[in-house]
Amino acid sequence: ALADLLMRANWAKRVLFLCDRTALVNQAINAFKTHLPDSSPINLVTESDQDGRVYVSTYQTMVGKIDEYRPDGTRRFGVGHFDLVVIDEAHRSVYRKYRGIFDYFDSLLVGLTATPKDEVDKNTYDLFDLETGVPTDAYSLDEAVDDGYLVPPRGVSVPIKFVREGIKYDHLSDTEKEEWDDLDWGEDEDGQKIESPDLVEAAEVNKWLFNEDTVDKVLEHLMTHGIKVAGGDRLGKTIIFAKNQDHADYIYERFIANYPNLDNGNFARTVTYRTKYAQSLIDDFSIKEKSPHIAVSVDMLDTGIDIPECVNLVFFKLIRSKTKFWQMMGRGTRLCPDLFAPGEHKTAFNVFDFCGNLEYFSSEPLKLPDKAGAAPLGEQIFKTRLELIRQFDALGMAGAERDAAAAVLRAAIASMNPHNFLVRPHLQLVERFNDANEWKTVSVGDLAALADSVAALPHQLDPEHEDSKRFDLLVLNAQLCLLRNEPFKQLRNRVIQIAGQLEDQQTIPVIAEQLELILEVRTDEWWVDASYSMLEEVRKRLRLLVPLIEKAKKGVLFTDFEDLIGKTTVFELTGTGKTAPSTEFDQFRKKAEHFLKENLAEDSVAKVRSGQPLLPEDIGELQRILVAAGIGDDDSFAMASQRAGNFGLFIRSLVGLDRAAA
């Protein structure tokens, strides 16, 4: 609707809609074709050479397209090519990875996200020049349900013992204990057989141990209590959120074992990033009468996918991110007219939770750190080397060790493509520190600028194994502690552990060549007077060997112990984003204050600031200005007047009194 309005008003000649994966690109293309058939949307993922008015692309594809040139040497997509850029899933990971796209285009920018506004990262608000926690507009699930645009969830907590408590040997029957003892529990890092444990923690169930009765009971509950369609003869469209690929495959395997004849084995299918022709399966899943009717998914259907026919969600994995939980919940909220029969519409959907998620999110859980927001390894390594140089300079250690660290950083900078649109905004720094002389004396401010602006930029050095980079970071942090004269026992122990793992594989020729050093590093004596240069030698000589370490051989186990399913509990889901009246007024106050302080020159605002008495027409003008800016309504103004005594005093509390007038 926004794109249509702006194009009809000649405010937007070309529009770019960005998504984070191909399935959502296809979904957006279909939406444009349905609601704006004359827009002729271009799918940049599949129609890379086409031109049009509306373009839909993944972020990754657009990154490559920005650096694309026409035969005449001009850029295909210049900074002014689009008048409106719409960002789907505008949250932290998009900001971190792709902010360069948004900074590049000189256009109106609109961000869409299902993330609750109090969960959106500060950097995302900064991208849109907004105060943290105060989006331009927010439309909650409760409001959408009340307005008839979405349907509400019906939460059903189904406690199943092994998934929530783990499997305890002492609680098994005698027959099951014999089976437990006969299982092959794998080998440890030394190649020794692992003894039967007394307990398999709940977190390990469906990770590497899969219990037949557990999965069968979950499927039985779904097939018995799930919402049915086709006159009650068929389970409605259902998404099962699985823990991992092995879990998804096992759920599918058990479904086929229990219901082999349903649609010739097509009633349920796994839909993951490893699935061949996954988009084709999603398309089929979107068709009311077509199989599959159950999609077993790992991450792929968690967000963004619109399946109006979906009436059952099964949480068969633990979720602790409030953002992800509500995004997953959104898969069932879409309206679906005539789903059950003509005139019998979808009015709700079931959420079957076997992992305690409903209990967790019905309370006020502690906010956990978001690991997804951690900087990439390469960026962390770059910043750690910058910090090493700062420490060298603080200690007055201008020698070969400092020069070597600087040379590695300079090599990374030298490999950066100056024509890359992410690099170009920082070209002054990149070109400056491509000069070896600049590294001889670097100020603390320069190091901070390099960390903020250059560390995350793409370079063109040869890619290296992740394990080698992790070892680099480990040793670099140990070196940093050494320079700071700080203890690093934990880092030291990890290096010793890695050396021990390499020693166990000394039959590999390249490891045997370094065996003398490996054995030395494992001794306490070596660490007594360990120096920066000694650690650097270890890093250089062992970093390429670390990927050869064989991980512990713990295979996947399949069991069939009797599981117990408890009494179900129906949850009234709260926290769906509906704003309480007091919070709503606080949001209005924040928006009004921000807007008025940006418009102090307005006559009516200036009158407030000067301390002059406000006439009724002045109050009306102030309210008209706020309404025109999309801020407040009659209810907000009435509450403001009630709280402050009158509306003029409320406005004065926001903008203050000019010092000269006072």
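The values are calculated or read from the model by the stated rules, or taken from the named source; none is laboratory data. The structure displayed is predicted, hence computed values, not measured ones. Methodologically, a virtual Cβ is constructed for each residue, glycine included, from the backbone with ideal geometry; neighbour enumeration extends over all protein chains shown.
In table form, for the structure just shown:
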{"quantity": "The stretch 407-440, residues that are crowded, with 18+ Cβ neighbours inside 10 Å and either outside the structural domain of Leu388 (by TED's automatic domain parsing) or touching a Lys or Arg at 6+ places or on another chain (Cβ under 8 Å) (or both)", "calculated": "Leu409, Phe433, Trp439"}
{"quantity": "Residue check for Gln505: assigned by TED's automatic domain parsing to the domain that holds Lys383 and either more than 21 Å from Arg470 (Cβ to Cβ) or in a helix (DSSP H, G or I) (or both)", "calculated": "no"}
{"quantity": "Tabulated pairs, the stretch 71-90, first under 18 Å from Gly52 (Cα atoms) and not assigned by TED's automatic domain parsing to the domain that holds Tyr59, second in a loop (DSSP other than H, G, I, E, B) and basic (Lys, Arg), C-beta under 9 angstrom, 6+ apart or interchain", "calculated": "none"}
{"quantity": "Residue satisfying all of: in the stretch 350-383; modelled with pLDDT of 90 or more and within 28 Å of Lys97 (Cα to Cα); surrounded by the most Cβ atoms within 10 Å (Cβ to Cβ) among these", "calculated": "Phe382"}
{"quantity": "Test: residue in the stretch 548-555 that is surrounded by 12 or more Cβ atoms within 10 Å (Cβ to Cβ), under 24 Å from Phe392 (Cα atoms) and in contact with a Leu (Cβ under 8 Å, 6 or more places away or on another chain)", "calculated": "no"}
{"quantity": "Qualifying residue in the stretch 492-500 (condition: touching a Pro at 6+ places or on another chain (Cβ under 7 Å) and either surrounded by fewer than 19 Cβ atoms within 10 Å (Cβ to Cβ) or part of a helix (DSSP H, G or I) (or both))", "calculated": "no"}
{"quantity": "Those residues of the stretch 437-461 which are among the aliphatic types (A, V, I, L, M) and over 32 Å from the mean Cα position of the chain (by Cα), in sequence order", "calculated": "Val442, Val444"}
{"quantity": "Any hit, the stretch 480-489, residues being hydrophobic (A, V, I, L, M, F, W, C), buried (at least 16 other Cβ atoms within 10 Å of the Cβ) and touching a Lys or Arg at 6+ places or on another chain (Cβ under 7 Å)", "calculated": "no"}
{"quantity": "Filtered residues of the stretch 499-552 (kept if touching a Lys or Arg at 6+ places or on another chain (Cβ under 8 Å) and within 16 Å of Asp472 (Cβ to Cβ))", "calculated": "Ala499, Val546"}
{"quantity": "Subset of the stretch 156-206 [basic (Lys, Arg) and modelled with pLDDT of 90 or more]", "calculated": "Lys161, Arg164, Lys168, Lys177"}
{"quantity": "So Glu438, is it closer than 25 Å to Lys97 by Cβ, acidic (Asp, Glu) and part of a helix (DSSP H, G or I)", "calculated": "no"}
{"quantity": "Unique residue being within 28 Å of the chain's Cα centre (by Cα) and assigned to a strand (DSSP E or B) when the list is Val163, Val156", "calculated": "Val156"}
{"quantity": "All positions within the stretch 183-220 that are within 31 Å of the chain's Cα centre (by Cα) and part of a helix (DSSP H, G or I)", "calculated": "Ala202, Ala203, Glu204, Thr214, Val215, Val218, Leu219"}
{"quantity": "Those residues of the stretch 606-630 which are among the aliphatic types (A, V, I, L, M) and in contact with a Phe, Trp or Tyr (Cβ under 6 Å, 6 or more places away or on another chain), in sequence order", "calculated": "Ile619, Ala629"}
{"quantity": "Out of Ser93, Ser57, sole residue that is at pLDDT below 90 and either in the same structural domain as Ser286 (by TED's automatic domain parsing) or hydroxyl-bearing (Ser, Thr, Tyr) (or both)", "calculated": "Ser93"}
{"quantity": "Hey, Tyr98 buried (at least 18 other Cβ atoms within 10 Å of the Cβ), under 30 Å from Leu377 (Cβ atoms), not aliphatic (A, V, I, L, M) and not assigned by TED's automatic domain parsing to the domain that holds Leu422 or not", "calculated": "yes"}
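A quick yes/no check of all residues on (1) modelled with pLDDT under 80; (2) in contact with an Asp or Glu (Cβ under 7 Å, 6 or more places away or on another chain); (3) not hydroxyl-bearing (Ser, Thr, Tyr):
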{"position": "Asp560", "(1), (2), (3)": "no, yes, yes"}
{"position": "Lys578", "(1), (2), (3)": "yes, yes, yes"}
{"position": "Asp603", "(1), (2), (3)": "yes, no, yes"}
{"position": "Gly611", "(1), (2), (3)": "yes, no, yes"}
